[in-house]
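What follows draws every value from the coordinates through simple rules; no lab data is involved. From a predicted model like this one, the values you see are computed outputs, not experimental measurements. Heads up, the Cβs are rebuilt from the backbone with ideal geometry, glycines too, and the neighbour counts pull from every protein chain shown.
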Amino acid sequence: MFKFIKILFFILLAMFIINTVAQASNLPEAIDFSLNDVNDNEVSLKQYKNKQPVLLFFWTTWCYFCGRELEVLNKDYPGLIKKEVEVLAIDVGEPL
């Protein structure tokens, strides 16, 4: 239970930081990148420029904490969509 609370705290802190950064006007732009989604469609970060906030979540299958955070993100996803936040979950370092 304590680990779950720590994970939830981390996610809430990350969301707070993202919200604060999104509201700042004098920050440099994020570096654009493109990756293919699970349907082999190209997704680019620039697609979201001046449209909506984007939460980038980098994860991997062998990471226990990543799995727990994905569970929380899946649960909170409807609320994020209502707030017009796009979530891009990026699997790092593993072949398709």
Cβ-Cβ FRET estimate between E29 and L88, R0 fixed at 25 Å, reported to 0.05:
0.95
Sorted from largest to smallest, which semi-axis lengths in Å does the alpha carbon gyration tensor of the range 31-96 give for its equivalent ellipsoid, taking the root of 5 times each eigenvalue?
20, 18, 9
